[in-house]
Amino acid sequence: MDERISIALILINDNNVFFKYSPEKIKILKDLLPLNSYNLIKNSIQNIDRYFLHKQSNEVLANYSERMLDMNYFEYLSRYANNLLVFSKPQKIEIRSTLENINILFEKFIFKLGSIEKLVELDFIKDVKRTINPILKDNVNFNVKVDKSIIKSLDIPTSVSFIGQNGHKVIGEVVDFNKEINHLENKLRSVLYVRENMLQEDPYSSAYIIYKAPLIKNSENNEIYKSLKNNSQLKLDFKTIDEINKVKTFLDKNNVKP
């Protein structure tokens, strides 16, 4: 029997690497293979996933001196057709590096994605809020609709993730830069609307963006991210979830209260 089951997808371009596998298909293999063979495949895929996740988290994605990111290495692996885990020969395709296109390819070749599984739908924002709320609860109010009673020039009430003050206002917004472009742009329009009005009223006010950087570096999402982060006029302080204690230190030092 020479049947094969596609369980994972690897996409690499000059700047990025994307790896995703289907846990559902791996579970199916448990009923089809001896336990040792099943464990070998499962562990191999999880090790590859951890490798690429590590590369993502350190933002060192395009190091072609490393064999796992070398197309020649994947060609080498594809020649071993008798192995339990087989790599297909790399194919060059012309496609924009967007999360939407990556999900389309995954669904076409590997497995249908549920809405929860889609990379663009990962609920980073809820996870962050569960983390930061206990840490910042003594300094700010969460999920506040800001209106004219808070910022006089704000004609349209707009929600922010958190807000506090000490004579000068401090706001924060949680932003996942991997969201689909239209969702991301709508979110940022709201943030910038509040921030611009804050600065007009009080140039000494502060604003934090608690963010997740784009996973795909050569993308429209990343261009938006870089442009916003490099905009000195808006005075936005970008912090990852791992840096939330720096936000806490600032709030405590400046006696910021809800």
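With a Förster radius of 30 Å applied to the C-beta separation of residue 88 and residue 240, the computed FRET efficiency comes to 0.25.
Shown for the stretch 145-258: the carbon plus sulfur share of the solvent-accessible area, taken with all protein chains present and a 1.4 angstrom probe, equals 48%.
Which stretch or stretches of the stretch 214-258 have amide N atoms under 13 Å from the point lying 7 Å from residue 141's Cα along the Cα→Cβ direction? Those under the cut-off are 257-258. Taken per residue, the accessible surface of the stretch 103-242 reaches 52 Å², heavy atoms only and a 1.4 Å probe. Solvent-accessible surface of protein heavy atoms, probed at 1.4 angstrom with all chains present, puts 209, 135 in the order 135, 209, largest first. Only Cα pairs under 8 Å and 6+ residues apart enter the sum, and on that basis the relative contact order of the stretch 151-258 stands at 31 percent. For residue 175, the residues whose amide H sits under 5 Å from its own are 210, 211, 212, ignoring neighbours fewer than 5 places away on the same chain, with H placed 1.01 Å from N. Given their separation in residues at 0.36 nm each and the Cα-Cα distance between them, residue 35 and residue 126 gain 29.0 nm when the chain is fully extended. Specify the inter-centroid distance of the stretch 193-258 and the stretch 127-180, based on alpha-carbon positions, in whole Å. Here the answer is 11 Å between Cα centres.
The values are calculated or read from the model by the stated rules, or taken from the named source; none is laboratory data. The shown structure was predicted, so the numbers you read here are calculated from the model rather than taken from an experiment. Using ideal geometry, Cβ is built from the backbone for each residue, glycine included, and neighbour counts are taken over all protein chains shown. These accessible areas exclude ligands, DNA and RNA; they are computed on the full protein's heavy atoms, side chains included. Shrake-Rupley method; radii C 1.70, N 1.55, O 1.52, S 1.80 Å.
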